[in-house]
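Below is one structure, written out as structure tokens; the observations come after it.
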Amino acid sequence: MIHVVEADSAGIIRMTPLDALDLPPNTPVVMAPGDMHVMLVDLPKKLEEGTTFPLTLAFEMAGEVTIEVRVLGPGSSGPDGE
């Protein structure tokens, strides 16, 4: 699932699932902890830090693209800041 993180008028932050994500040409789309992100649900087993797994993304125009995802530890800021 793709989630966007938004604050409502009372300042309460909520994760809202998106049905689709618009990817305009030549425009970066950034996903980051505490912001827009991919949430994996109904996993068959626990993810182990340091391992990798394939993730298939489905694009309307480009079809399916499979990427290799590295599992980072809790509190990681991403692959560059680990």
So the check is Cβ under 9 Å with 6+ separation or different chains; which pairs have a first residue in segment 5-21 that's under 30 Å from Met61 (Cβ atoms) and a second one that's β-branched (Val, Ile, Thr) and not in a strand (DSSP E or B)?
Leu21/Val29
Can you tell me which residues in segment 25-57 are part of a strand (DSSP E or B), closer than 25 Å to Glu6 by Cα, among the hydrophobic types (A, V, I, L, M, F, W, C) and open to solvent by less than 60 Å² (accessible area, probe 1.4 Å)?
Leu57
List every residue pair whose Cβ atoms lie under 6 Å apart, where the two residues are 6 or more positions apart in sequence or sit on different chains, the first residue falls within segment 58-73 and is within 17 Å of Ile2 (Cα to Cα) and open to solvent by 60 Å² or more (accessible area, probe 1.4 Å), and the second residue, located anywhere, is modelled with pLDDT of 90 or more and of a type outside the set (A, V, I, L, M, F, W, C).
Ala58/Glu64; Glu64/Thr56; Thr66/Pro54; Thr66/Thr56
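The values are calculated or read from the model by the stated rules, or taken from the named source; none is laboratory data. Worth saying up front: this structure is predicted, and the values here are computed from it rather than measured. Note: ideal-geometry Cβ built from the backbone for every residue, glycine included; neighbour counts use all protein chains shown. To get the accessible areas, we keep the full protein, side chains included, count just its heavy atoms, and leave off ligands, DNA and RNA. Shrake-Rupley method; radii C 1.70, N 1.55, O 1.52, S 1.80 Å.
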